[in-house]
Amino acid sequence: MKAVLGLLGLAGLLVLVEVLPYLGLVPADFLPPTHRIASALAGEVGDSGFWQALWDTLVAWAIGLAIAVVAGVVAGIVIGTVPGLRAVTASTIEFLRPIPSVALIPLAVLMYGTELQSTLLLVVYASFWQVLIQVLYGVQDVDPVADETARSYGLGLWARIRYVLWPTALPYVMTGVRLAAAVALVLAITAELVIGAPGLGSRIAVAQASNAIPDMYALVAVTGLLGVAINLGARRVERWLLRWHQSVRGEVVV
Amino acid sequence: MRIAIRVVLAVALPAVLFSVWWFATANSTNFYMPPLREILRIFPDVWTGDRLRTDVLPSLLRLAGGYTLAVVTGIALGVLVGGNRAVRAVLEPVLEFFRAIPPPVLVPVIMLFAGIGDTMKVVVIAAGCVWPILLNTVEGVRAVDSVLADTCRSYRITGLARLRHLVLRGASPQIAAGMRQALSIGIILMVISEMFAASNGLGFAIVQFQRGFAIPDMWSGILLLGLIGLVLSLLFRLVESRALAWYHGLRRAQRGS
Amino acid sequence: MLLEVRGLRKVYQGKERQVEAIRDLTFGVDAGDLVCLVGPSGCGKTTLLKCIAGLLTPTSGEALLDGRRVSGPPPGMAVVFQEYGRSLFPWMSVRDNVELPLRQKKLPRATRRSLVDDALSAVGLGDTHDAYPWQLSGGMQQRVAIARAVAYQPDVLLMDEPFAAVDAQTRADLEDLIRDLWHKLAVTILFVTHDIDEAVYLGQRVIVLSSSPTVVREDVDIDLPDARDQLHTRSDSRFTELRSHIYAQIQAAKRESTPGSTDAARDTDLAKQVLQ
Amino acid sequence: MLLEVRGLRKVYQGKERQVEAIRDLTFGVDAGDLVCLVGPSGCGKTTLLKCIAGLLTPTSGEALLDGRRVSGPPPGMAVVFQEYGRSLFPWMSVRDNVELPLRQKKLPRATRRSLVDDALSAVGLGDTHDAYPWQLSGGMQQRVAIARAVAYQPDVLLMDEPFAAVDAQTRADLEDLIRDLWHKLAVTILFVTHDIDEAVYLGQRVIVLSSSPTVVREDVDIDLPDARDQLHTRSDSRFTELRSHIYAQIQAAKRESTPGSTDAARDTDLAKQVLQ
Amino acid sequence: GSDSPETTTGQEGSTKVTVGVIPIVDVAPIYLGKEKGFFTSRGIDLTMESGQGGAAIVPGVVSGQFQFGFSNVTSLMIAQTKNVPIKIVANGVASTGQAGADFGGVTVKADSPIQSAKDLAGKKVAVNTLQNIGDTTVRESVRKAGGDPKSIQFTEIAFAQMPAALAAGQVDAAWVVEPSLSAIKAQGGRVVAWNYVDAAPNLTVATYFASTKLIQDDPDLVKRFTEAINESLAYADAHPDEVRKVLGTYTKIDPKVVETLTLPKWPTEINKASLETLSQLGKGDGVFGDKTPDLGKLLP
Ligand SMILES: Nc1ncnc2c1ncn2[C@@H]1O[C@H](COP(=O)(O)OP(=O)(O)OP(=O)(O)O)[C@@H](O)[C@H]1O
Ligand SMILES: Nc1ncnc2c1ncn2[C@@H]1O[C@H](COP(=O)(O)OP(=O)(O)OP(=O)(O)O)[C@@H](O)[C@H]1O
Ligand SMILES: O=[N+]([O-])[O-]
Ligand SMILES: [Mg+2]
Ligand SMILES: [Mg+2]
């Protein structure tokens, strides 16, 4: 049922893009109708280079995201639980966070050229903050009664992190992971696009430079579909991990 | 005294990091890693006077516009999507589709509809920073306490009153988390949007420095971005601590201070 | 008959756990009645109240109010929840918590003001208007929830163990407040309690529920004089008789777990159980 | 003396609202004692318990355990909170909730298993192991919290109105369970309740607290025989005497609000108050 | 790190070389040369990395991540004035020198009132990068046609977006190169100025470059690379059909457009006089700040 509705939404988007040129809103030359994008996509799918690029992008995405999530969660829990650390690090975090990964591109190229590490640097830098901030908010949300219960039963720091803090922060962490997953994909592709590291991004760059508009949109659509697939996976994990949580066990009607 | 301690705490780590940077690059001959000394020396020349008016101010105005747009749409859409299962099922894949598209790729598409002027830049900023607000609002709305929801239903508190007194307030801690995330993403997108079809702005200036091999100037721009982020986050915290006084009070009180 | 419950059944359908909380309940409450519900812990009293309040949909059967089937929260009904702590808005002061439903009723400001003031001082919280609920003790929070319901001036009032967290003296005072209110406003009250003395003292009728899956075990008419007071009523011999009778009923209810029960607080003779 | 409270004072410091919850409390509890605390709603019982449990820092004065000042939660102490609903972890099943502190004690799996089983069936929840707390009724949740404390086999047990949400029969059973446990394990118990009968039935001593700002009003020795049972003890004439005495004390406590009080549930003769 | 070895020797004694390029028509010779074996025959195992622009290529060359890079000459002159340690090693691409048949020009919509370069004065003109070869040469076109170059409003838009921006009227004119030039012509657009041709005869537009460090440490490699490039350039210039074929391998340009687009010139000699002119033009437009590029240091 849910899947059907979701497909319905995506189908709506396809129809919209198909009819946009006929509505005269944009010329078909610059935003081609769905069927032309689809045939360009078919061409891409038949090309082994496309699959290699997709693989390269996914590898960069997965490694980068994994590093960012682990680092973000660990840093968030340490900063959130060690007294005083939050006050000490707050200004630095706020300073570093708004620095765009794209501004770091020369630095990345300088250090790693078009190697995978170059993309990873940008991916990790951008998505790390998403996770960290969510974890910090989650840690702050621990129910004091629950925490006091744990403390009064003599649960040590580690046990309290594992049994109280972590489950409380988990909904926030999941949101952070979903945010970071998309940001990581965005940055992986941006890095490839600008630096030229192999992947979907550099294919998009080639299509842009060649004025191959349907091809470009086909690749953009692949990116979007990747995002949908990633979110689907994240949602599934979330439903399982958070089956006890208000947001899963009971839905509030607005 | 309290304030003094807080200032010291806030300044300590940056001071350490800056000293490390200072000494690590003191004798740097790497073209792309100039000495911090050099960067700080030119900073006032680069970022005072004319540039403040011609580059920094327009950027901040675009940021304000885009951020506001994102907050309004993010919360509105989030309440709609979070509060209604069917709507969520239909819209989520579409939203996720757009969320995964990198802004540099999206900008040309936005240009088709919004032109190449400030509107485009505001839209690009909004399109980027709407996501954390949207996602957090959705999760916050979904997690509204069931007993409170029942209380509202039984007292027939519905419609706008319910939205205002239950849904938005209940989700507000998480919405605030999203808005805070969005703030720095907004700054990032301000830079990205000004890499396209711009003729002024902070992002534009940084890109020009980069292309013109004015590397110390570029670094000074990055420093300025960080400073702007810091100041904006302080302002945000000030506003948040007022709006969420009940929440922080609740936590503090229950912690027993 | 104002309120009618007909063949009501409620099964909680979980992934692994399916609980038949209520098997088959049928009873009625006349307009202006004050009926108390007692029954063992976990027998489905809260579930029943939520069905009547239109907050839960029965698995089968129905609740009727004024002859109309309850499908959503009906107008003019107020509920005091068992989870009083969670039923107060933590972001509103005590006064705003009490006032919010009145605003919804579109009462003029002055009326609201006096209703809120009266209700809060009636529950002994005349000087905590500006505090947040989480600055109050458990019993005080519960009293705020009661004040909210009282100020609302409902036609039907459902209360789920509303005095569980207050001390004996306050409890006695609140009991008298409820009877007072009932007399003055002719409100119909359904009152869940686990205190048998309280049920007998308050009610015109006491409905005794069995263990889960729940049926009505007995519907006891409380033939005490209408004018009650804490000292004399409680020492009345008829009072003692009634409470003993009901006590015996509940004990029996707990003992004979209805056959086919999938989940219930079973009779466990705790005192005899060996610990470890 | 195992537990000593000396000149304890606690002021809640809010932005606008400053509440002196406890003014000056001094009393002691010997090892193996079972002491009940009673007092009007909002008088600071919860606050006191939290100070003793090391969860709140007193404004002045101190709580000593075994001669050492309490500054954080001491080992071997279990607390049953008044907000039972929130003290259970919603992300764990009932069984895991009870088992968690035992794991922390590093007990072997088999021991843990039998402790959990025994404790849960002792509170009448033998068949809800796999349910989540939020699938249980209020009273059932409260019993899970009690089972957790019982299974923990603490040296000192603090309980804050632990039977507020359960029915009379279950309550009686649980009271006997606590006395049983106390005899078997020689645990020291501090028990907050608002039910005076319960306090007298359970305790060796009953400490009566005044209204907020709180002081000890009286420390009553319960000179009933050690072997108690629900039927005979409660009909003992000494029992009736003691409960009347304490009842009078609390009523007096509520009446004479201590001078200088900044916030308290004041005496409001509710029955006489006119509603609207 | 930035001091990793510049060259790595492959299995058969050949040197692995990475070149940072932009995936456009201009670099067809290097792809063609690779296909023809001009590099392997000189012991060079060639890899091309194609990014979106120069921002990534220069730091890559400076740090040794790339051994060589491809860039337009104005950018290289700017780098020189900032003392970026790089030097040109071979010619890259040049204008055809023929008005009406160059690979780049200033275009307008079919119905635009702009008829000549002179009319561009006061108009909004799109270039891919501000303060670079595009705006400098367009100003020269306007200047030569008797217009006021100062009044032109330049706007930065990527070549790929120019057809859309022009069609939507977001700009009055757009300076484009192939294949966007073909796309605009196909929309009915007109070319009103051939800015490369106007700037200097047979203008050298872009070149290959290396870091001074590599030139010092491995002059032999640089020599072999230059020879291979030169052979590739000459071959490409002589075999336009093969060039059109190789375009299909590294670009996605529509095959129909590939057949008809205007190819640039690929001489092996760098036109120093044109670079002098370009440097003067850039200085006049303030592209180099208050400095003047030292072409002696930049050229091989
Ligand atoms: N959300 C739920 N999901 C599954 N089972 C539930 C849920 N809510 C209640 N139950 C089950 O339904 C039965 C009745 O619960 P209910 O809360 O109605 O009891 P109650 O009579 O109010 O008990 P108490 O006096 O302890 O408050 C219990 O066995 C409980 O476990
Ligand atoms: N976090 C807090 N902030 C401010 N005031 C508080 C806070 N917690 C409790 N108080 C105040 O302290 C006083 C004592 O509260 P406490 O919870 O200890 O009472 P109690 O004796 O447990 O009452 P009850 O029997 O109703 O549970 C009350 O007046 C209450 O308003
Ligand atoms: O960090 N980003 O450049 O998106
Ligand atoms: Mg209940
Ligand atoms: Mg309390």
Selection from the stretch D:43-64 of residues that are without any contact (Cβ under 8 Å) to a residue 60 or more places away in the chain, part of a helix (DSSP H, G or I) and farther than 14 Å from D:Asp24 by Cα: D:Lys50
Residue within the stretch B:39-61 that is within 12 Å of chain A (Cβ to nearest Cβ), hydrophobic (A, V, I, L, M, F, W, C) and under 24 Å from the mean Cα position of the chain (by Cα) present: no
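How about the stretch D:79-197: which helices (runs of 4 or more DSSP H) wholly inside it have at least 2 residues that are buried (at least 22 other Cβ atoms within 10 Å of the Cβ) and touching a residue at least 40 places away in the same chain (Cβ under 8 Å)? Steps first, please.
Values: elements: D:84-87, D:94-104, D:109-122, D:138-152, D:168-185.
Result: D:84-87, D:94-104, D:138-152, D:168-185.
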Residue ID - nearest to ligand 5 (Cβ to nearest atom), chosen from residues in the stretch C:151-170 that are under 14 Å from the mean Cα position of the chain (by Cα) and within 26 Å of D:Ile196 (Cβ to Cβ): C:Ala165
Helices (runs of 4 or more DSSP H) within the stretch B:124-212 that include 2 or more residues modelled with pLDDT under 85: B:146-154, B:168-193, B:202-211
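Among the listed residues C:Tyr152, C:Tyr84, identify the single one that is closer than 26 Å to B:Ala245 by Cα and within 12 Å of chain D (Cβ to nearest Cβ). Don't jump to the end; show me each part of the working.
Numbers: C:Tyr152 fails: closer than 26 Å to B:Ala245 by Cα.
Result: C:Tyr84 is the single residue among C:Tyr152, C:Tyr84 that is closer than 26 Å to B:Ala245 by Cα and within 12 Å of chain D (Cβ to nearest Cβ).
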Helices (runs of 4 or more DSSP H) completely within the stretch A:151-254 that count 1 or more residues being acidic (Asp, Glu) and at negative phi: A:166-195, A:213-241
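If you go through the stretch A:98-117 one residue at a time, do you hit one that is away from chain E (no Cβ under 14 Å) and either within 16 Å of ligand 2 (Cβ to nearest atom) or open to solvent by 40 Å² or more (accessible area, probe 1.4 Å) (or both)?
First, the residues of the stretch A:98-117 that are away from chain E (no Cβ under 14 Å): A:98-99.
With either within 16 Å of ligand 2 (Cβ to nearest atom) or open to solvent by 40 Å² or more (accessible area, probe 1.4 Å) (or both) added as a condition, the list becomes none.
Within the stretch A:98-117, none of the residues are away from chain E (no Cβ under 14 Å) and either within 16 Å of ligand 2 (Cβ to nearest atom) or open to solvent by 40 Å² or more (accessible area, probe 1.4 Å) (or both).
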Test: residue in the stretch D:39-51 that is away from ligand 4 (no atom under 16 Å from the Cβ), open to solvent by 60 Å² or more (accessible area, probe 1.4 Å) and within 20 Å of the chain's Cα centre (by Cα): no
Only one of E:Thr226, E:Thr251 that is among the polar types (S, T, N, Q), out of contact with any His (no Cβ under 6 Å at 6 or more places or on another chain) and under 20 Å from E:Ile24 (Cα atoms): E:Thr251
Pick from the stretch D:32-69, criterion within 22 Å of A:Arg151 (Cα to Cα) and within 12 Å of chain C (Cβ to nearest Cβ), ranking: nearest to ligand 3 (Cβ to nearest atom): D:Lys50
Of the criteria (1) away from chain A (no Cβ under 11 Å); (2) open to solvent by 10 Å² or more (accessible area, probe 1.4 Å), which one B:Arg180 fails: (1)
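Does at least one position in the stretch C:128-137 carry a residue that is more than 18 Å from D:Gln18 (Cα to Cα) and more than 15 Å from the chain's Cα centre (by Cα)? Can you show your working first?
Start the filter on the stretch C:128-137 by keeping residues that are more than 18 Å from D:Gln18 (Cα to Cα), which leaves none.
No, there is no match, as no residue in the stretch C:128-137 is more than 18 Å from D:Gln18 (Cα to Cα) and more than 15 Å from the chain's Cα centre (by Cα).
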Selection from the stretch D:122-143 of residues that are of a type in the set (A, V, I, L, M, F, W, C) and either at the interface with chain C (Cβ under 9 Å from one of its Cβ atoms) or away from ligand 4 (no atom under 14 Å from the Cβ) (or both): D:Ala122, D:Val123, D:Leu125, D:Ala131, D:Leu136, D:Met140
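At the interface with chain A (Cβ under 8 Å from one of its Cβ atoms) and within 20 Å of B:Gly66 (Cβ to Cβ) - does that describe any residue in the stretch B:134-143?
Applying the first criterion (at the interface with chain A (Cβ under 8 Å from one of its Cβ atoms)) to the stretch B:134-143 yields B:135-136, B:139, B:141-143.
When the remaining residues are screened for being within 20 Å of B:Gly66 (Cβ to Cβ), the result is B:135-136.
Taking every residue of the stretch B:134-143 in turn, at least one turns out to be at the interface with chain A (Cβ under 8 Å from one of its Cβ atoms) and within 20 Å of B:Gly66 (Cβ to Cβ).
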Test: residue in the stretch C:108-118 that is away from chain D (no Cβ under 13 Å) and at negative phi: yes
Scan of the stretch A:27-78 for residues that are among the aromatic types (Phe, Trp, Tyr) and within 18 Å of A:Leu179 (Cα to Cα), ordered by number: A:Trp61
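Scan the stretch C:32-49 for residues that are aliphatic (A, V, I, L, M) and either under 18 Å from C:Gly61 (Cα atoms) or within 16 Å of ligand 5 (Cβ to nearest atom) (or both) and report the count. Give the derivation first.
Taking the stretch C:32-49 as the starting set, the residues that turn out to be aliphatic (A, V, I, L, M) are C:34-35, C:37-38, C:48-49.
Right, trim to either under 18 Å from C:Gly61 (Cα atoms) or within 16 Å of ligand 5 (Cβ to nearest atom) (or both) and you get C:48-49.
Here the count works out to 2.
Got at least one residue in the stretch E:237-251 being among the aliphatic types (A, V, I, L, M), under 23 Å from E:Gly134 (Cα atoms) and touching a residue at least 12 places away in the same chain (Cβ under 8 Å)?
Within the stretch E:237-251, the subset among the aliphatic types (A, V, I, L, M) is E:238, E:243, E:246-247.
Retained after the next criterion (residues that are under 23 Å from E:Gly134 (Cα atoms)): none.
No, that holds for no residue.
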Residue within the stretch E:226-244 that is surrounded by fewer than 17 Cβ atoms within 10 Å (Cβ to Cβ) and not in a helix (DSSP H, G or I) present: yes
Of residues in the stretch B:155-169 being in contact (Cβ under 8 Å) with a residue 12 or more places away in the chain and more than 9 Å from chain C (Cβ to nearest Cβ), the one surrounded by the most Cβ atoms within 10 Å (Cβ to Cβ): B:Val167
Among (1) at pLDDT 90 or above; (2) surrounded by 19 or more Cβ atoms within 10 Å (Cβ to Cβ); (3) more than 22 Å from the chain's Cα centre (by Cα), the one test that B:Tyr67 misses: (3)
A:Ala71, sole failed condition from (1) of a type in the set (A, V, I, L, M); (2) open to solvent by 70 Å² or more (accessible area, probe 1.4 Å); (3) modelled with pLDDT of 90 or more: (2)
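Just to be sure before I move on: is D:Val70 over 16 Å from the mean Cα position of the chain (by Cα), crowded, with 18+ Cβ neighbours inside 10 Å, in contact (Cβ under 8 Å) with a residue 12 or more places away in the chain and within 16 Å of ligand 1 (Cβ to nearest atom) in the structure I sent?
For D:Val70, the condition - over 16 Å from the mean Cα position of the chain (by Cα), crowded, with 18+ Cβ neighbours inside 10 Å, in contact (Cβ under 8 Å) with a residue 12 or more places away in the chain and within 16 Å of ligand 1 (Cβ to nearest atom) - is not met.
Suppose the filter is within 14 Å of chain A (Cβ to nearest Cβ), open to solvent by less than 40 Å² (accessible area, probe 1.4 Å) and either assigned to a helix (DSSP H, G or I) or modelled with pLDDT of 95 or more (or both); does E:Leu181 pass it? Write out each step before concluding.
Values: within 14 Å of chain A (Cβ to nearest Cβ): yes; open to solvent by less than 40 Å² (accessible area, probe 1.4 Å): yes; either assigned to a helix (DSSP H, G or I) or modelled with pLDDT of 95 or more (or both): yes.
It is true that E:Leu181 is within 14 Å of chain A (Cβ to nearest Cβ), open to solvent by less than 40 Å² (accessible area, probe 1.4 Å) and either assigned to a helix (DSSP H, G or I) or modelled with pLDDT of 95 or more (or both).
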Conditions (1) open to solvent by 10 Å² or more (accessible area, probe 1.4 Å); (2) within 23 Å of the chain's Cα centre (by Cα): number failed by B:Leu225: (1)
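The values are calculated or read from the model by the stated rules, or taken from the named source; none is laboratory data. What you see is a predicted model, and the numbers here were worked out from it, not measured in a lab. Note that each Cβ is placed from the backbone with ideal geometry, even for glycine, and that neighbours are counted across all protein chains shown. Each accessible area value is taken on the protein alone, full model and side chains, heavy atoms only, with ligands, DNA and RNA left out. Shrake-Rupley method; radii C 1.70, N 1.55, O 1.52, S 1.80 Å.
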